[in-house]
Amino acid sequence: MPTHPSRSERPALLGGRPACAIEWPTWPVHGAREEAGLLDVLRSGAWWYGEQVHRFEREFAAFQGAAHGVSCTNGTAAIEMALRAVGVVPGDEVIVPAYTFIATAAAVVTVGAVPVFADIEQETLCIDPADMARNITPRTKAVVPVHVAGRVADMRRILEIADARGIAVVEDAAHAWGSRWRGRAAGAIGRCGTFSFQVSKNITAGEGGILLTDDADLADLCRSFSHCGRTTGGAWYDHDRHGSNLRMTEFQAVLLRAQLERLADQMERRHRSATILDERLVGTRGIRLLPPASDMERRSHHMIIFRIDEEELRLPRARFLEALRAEGVPASEGWYRPVHRNGVFARAHIGPRHGILAPLAGMGADYTRVECPVCEQVCRDAVWLPQHMLLADDHAIECVAAAIRKVAEHAESLRDAGPR
Ligand SMILES: Cc1ncc(COP(=O)(O)O)c(C=O)c1O
């Protein structure tokens, strides 16, 4: 390191010039197609669960290579519906990864079952099949692998283990629109898969969700559940099955159809950005890139996650992020912390049972003893770069790589100048 770095070499946090003077693409992206579609629906007066919704279901299912799509209000509801449809009932256990959004585990609680947390793999940040296997009991009814950031979990081993034990595999593909793994698409590999279209997602209508499956009977059950327990061809006020109202509106569907048209181009752009970052950052001191996903043909890149080695850099992650943001990179530590550390699980063994305050009380669950060391470590050292940033041009992404390298190279001076 030079003794007197020039202004452009010096970290922005220490008075240097930021590496990224970039106006990042905003999100969500929309255009003439969304506007025209929304106006058409508005003027038609046909706002309710109709042709647009069913077209979107068919188009999205075809895009992911699944036979059936059942839309719903959001990704959380889609997981709940999936769990009910595969036969999860109160008292069953469902294995979920500890590194995910709360919804994966909350859906299990909502259907009255008990989430059991498994650790993740270093290589994929998705559920570790070996730890999943260790957590199987006679009460295990399903497992919900999450394809974190669009990286498909090790579905080969997960299906092998689950099939041998008669356990249903429900993919939480909330981040994996368009991800392809060994010739198959995310969400169409297990018994069924679920997706989210919430506003941060790579295809969005503000809110929305869908379940995909090749199983016609399962799709029929889900359609019935999402539509107040009605059955296809049945009378309007006949409700032979239990259901809820999870219907999507025509406004959401018309937006999603437009967003889906744009997705392939955006995926290519994100892929290019991810490749540039990988190439430029490989071998950077203290930066731990995830290994390439050689088993995947395409990847959604809902975000880029890399990890830092605080010991090698001798710099806390908070300071690393502060410096990176000062360079103009919208990086964060990510929203995830080990899911079982949230109060709803951490306090599950105390207090009286209550549907919202303590839904698992009295069910024998004690999450204070859960051990997921890989997840714990990843929650301490991960850095997330958001998907909309990856839509920027090559120059912008080169600047991001330069910023990360700069911060890593100047870790020592950043530490020395930092708060003690
Ligand atoms: C992994 C994962 N699963 C499920 C969900 C739930 O989706 P929604 O917000 O549409 O309910 C999300 C949303 O952020 C998610 O990230």
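Readers should treat all values here as calculations from the given coordinates under stated rules, not as data from a laboratory. Model, not experiment: these values are computed from the prediction. Glycine also receives a Cβ, built like all others from the backbone with ideal geometry; neighbour counts cover every protein chain displayed.
Would you mind stating whether Glu80 is out of contact with any strand residue (DSSP E or B) (no Cβ under 7 Å at 6 or more places or on another chain), surrounded by 15 or more Cβ atoms within 10 Å (Cβ to Cβ), within 20 Å of Val144 (Cβ to Cβ) and not hydroxyl-bearing (Ser, Thr, Tyr)?
For Glu80, the condition - out of contact with any strand residue (DSSP E or B) (no Cβ under 7 Å at 6 or more places or on another chain), surrounded by 15 or more Cβ atoms within 10 Å (Cβ to Cβ), within 20 Å of Val144 (Cβ to Cβ) and not hydroxyl-bearing (Ser, Thr, Tyr) - is met.
For the stretch 279-302, name all the residues that are part of a helix (DSSP H, G or I) and crowded, with 16+ Cβ neighbours inside 10 Å.
Arg280, Leu281, listed by residue number.
Exactly one condition in (1) assigned to a helix (DSSP H, G or I); (2) surrounded by fewer than 22 Cβ atoms within 10 Å (Cβ to Cβ); (3) within 20 Å of the chain's Cα centre (by Cα) is not met by Gly65; state its number.
Of everything listed in (1) assigned to a helix (DSSP H, G or I); (2) surrounded by fewer than 22 Cβ atoms within 10 Å (Cβ to Cβ); (3) within 20 Å of the chain's Cα centre (by Cα), Gly65 misses just condition (1).
If I filter the stretch 157-215 down to residues being of a type in the set (Ser, Thr, Tyr) and surrounded by 24 or more Cβ atoms within 10 Å (Cβ to Cβ), which single residue comes out as nearest to the ligand (Cβ to nearest atom)?
For the stretch 157-215, the residue satisfying everything is Ser196.
Spot the failing condition for Gly233; the list is (1) away from the ligand (no atom under 16 Å from the Cβ); (2) under 27 Å from His147 (Cβ atoms), and only one is missed.
Result: Gly233 fails condition (2) only.
Got a number for residues in the stretch 88-143 being of a type in the set (Phe, Trp, Tyr), within 12 Å of the ligand (Cβ to nearest atom) and either in contact with a Pro (Cβ under 8 Å, 6 or more places away or on another chain) or on the phi > 0 side of the Ramachandran plot (or both)?
1
When the stretch 308-337 is examined, which residues are found to be in a loop (DSSP other than H, G, I, E, B) and closer than 21 Å to Ser200 by Cα?
Gly328, Val329, Pro330, Ala331, Glu333, Gly334, Trp335, Tyr336, Arg337
List the pairs whose first member sits in the stretch 189-205 and is over 21 Å from Leu83 (Cβ atoms) and without any contact (Cβ under 8 Å) to a residue 24 or more places away in the chain, whose second member is within 11 Å of the ligand (Cβ to nearest atom) and of a type in the set (Val, Ile, Thr), and whose Cβ atoms are under 6 Å apart, counting only residues at least 6 apart or on separate chains?
Matching pairs, first to second residue: none at all.
If we keep just the residues of the stretch 38-87 that are of a type in the set (Ser, Thr, Tyr) and touching a Ser or Thr at 6+ places or on another chain (Cβ under 9 Å), which is nearest to the ligand (Cβ to nearest atom)?
Once the filter is applied, the top-ranked residue is Thr76.
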